[in-house]
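*Asks:* Quick one: this structure, given as structure tokens, is what I'll be asking you about.
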Amino acid sequence: MDDLAGFLRTRRSRVDPASVGIPTDSRRRVEGLRREEVAHLSGVSVDYYVRLEQGRATQPSEQVLDALARVLGLDGTEREHLSRLACQRRRRGTAPSGRVRPELLRVLDLVTDAPALIMNHRLDVLAGNRLAGLLFGRPIPGLNTARHIFLEEAERGLYAEWEQCTLDVVGHLRLAAGHHPDDPRLASLIGELAMGSERFRRLWARADVRARTHGRKAYRHPLVGLLELHQENFALPGEAGRELLILSPAPGSPAEDGVRLLARLGADGARPGEDARARGSHPSTGGSVPAD
């Protein structure tokens, strides 16, 4: 899926030589820095750096990784990703359970004025409240937002800022691949997206990584129009990469009116994803959550 060698190559190609004090002229044919230039600026031998890019070197020290991060201009997220890739051979993850704890499902029930979801590192939506089902207009179990964004053409209009969403998804999956190098279902998902989407292939080749945190998310719902929401992510301790996501409208905003209207429309008749209990494993329904 992801490897140290490929990440170093892509980042080396993006560094402007002039930014690190290397003069250039019209005869230079290399995009970014040469291997020997990275080695010299990082204080390592050319042979060792070449072996790093070929995947043949032993695990580099934190001092070497710090030097490489400085030369390549990595931000904090990329530096952490670099360290994980360097340690990948030693680490083997434990497969998480496929069930969502009943206590977490009760938390979802408490969120009544905003869509709320529980997602894993593969962007599988494991559970969601009633408003989440109404927002996506479909049952929550079985929904993977990466497939939804890249492969389901009819659903693309839901994402008011589709291109930005694709950047966020690819950056997250790159980061997840570094966290979970031995996850066959993640590898399968990435292969499926690469086969089905030319944009995914182009973005994946850039090897960008992005941490999924918080920020603005805009949806264009077919029934209530534009919903500009704020996404807040809460990591779930002991839940192996799962997060609780809440998409809240600002008080007094048009989006708040839109969410209220969506809730009323959903109450008027059964629609896909409307039932709060049709969202994953719950003791009262006997439903099931997609296995992690």
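The values are calculated or read from the model by the stated rules, or taken from the named source; none is laboratory data. What you see is a predicted model; the values in this text were computed from it and never measured. All Cβ positions, glycine included, derive from the backbone under ideal geometry; neighbour counts span all protein chains shown.
*Asks:* So if I check each of Leu74, Leu85, which one is among the hydrophobic types (A, V, I, L, M, F, W, C) and either in contact with a Lys or Arg (Cβ under 9 Å, 6 or more places away or on another chain) or free of Cβ contacts under 8 Å to residues at least 12 places away in the same chain (or both)?
*Replies:* It is Leu74.
*Asks:* Could I ask something else about it? Out of the stretch 169-217, which residues are farther than 20 Å from Asp3 by Cβ and buried (at least 18 other Cβ atoms within 10 Å of the Cβ)?
*Replies:* Once the filter is applied, which keeps residues that are farther than 20 Å from Asp3 by Cβ and buried (at least 18 other Cβ atoms within 10 Å of the Cβ), the stretch 169-217 yields Val169, Ser197, Arg212, Lys217.
*Asks:* In the stretch 165-272, which helices (runs of 4 or more DSSP H) lie fully inside it and hold 3 or more residues that are under 22 Å from Ala116 (Cα atoms), without any contact (Cβ under 8 Å) to a residue 40 or more places away in the chain and in the same structural domain as Ala154 (by TED's automatic domain parsing)?
*Replies:* In the stretch 165-272, the matching helices (runs of 4 or more DSSP H) lie at 254-268.
*Asks:* Which of the residues that make up the stretch 9-68 are polar (S, T, N, Q), in a loop (DSSP other than H, G, I, E, B) and within 28 Å of the chain's Cα centre (by Cα)?
*Replies:* Ser13, Gln54, Gln59, Ser61
*Asks:* Further question: Going through the stretch 117-130 one residue at a time, which ones are aliphatic (A, V, I, L, M) and buried (at least 24 other Cβ atoms within 10 Å of the Cβ)?
*Replies:* Hits for the stretch 117-130 are Leu117, Ile118, Val125, Leu126, Ala127.
*Asks:* Sticking with this structure for a sec: If I filter the stretch 131-146 down to residues being over 19 Å from Leu226 (Cα atoms) and in contact with a helix residue (DSSP H, G or I) (Cβ under 6 Å, 6 or more places away or on another chain), which single residue comes out as surrounded by the fewest Cβ atoms within 10 Å (Cβ to Cβ)?
*Replies:* Looking at the filtered set, the residue picked out is Ala146.
*Asks:* Output the number of residues of the stretch 1-41 satisfying the condition of being crowded, with 16+ Cβ neighbours inside 10 Å and without any contact (Cβ under 8 Å) to a residue 12 or more places away in the chain.
*Replies:* Looking only at that region, the number is 2.
*Asks:* Let me ask something additional. Can you find, within the stretch 45-63, the residue that is surrounded by the fewest Cβ atoms within 10 Å (Cβ to Cβ) among those that are touching a residue at least 12 places away in the same chain (Cβ under 8 Å) and under 18 Å from Pro17 (Cβ atoms)?
*Replies:* In this case the residue turns out to be Glu53.
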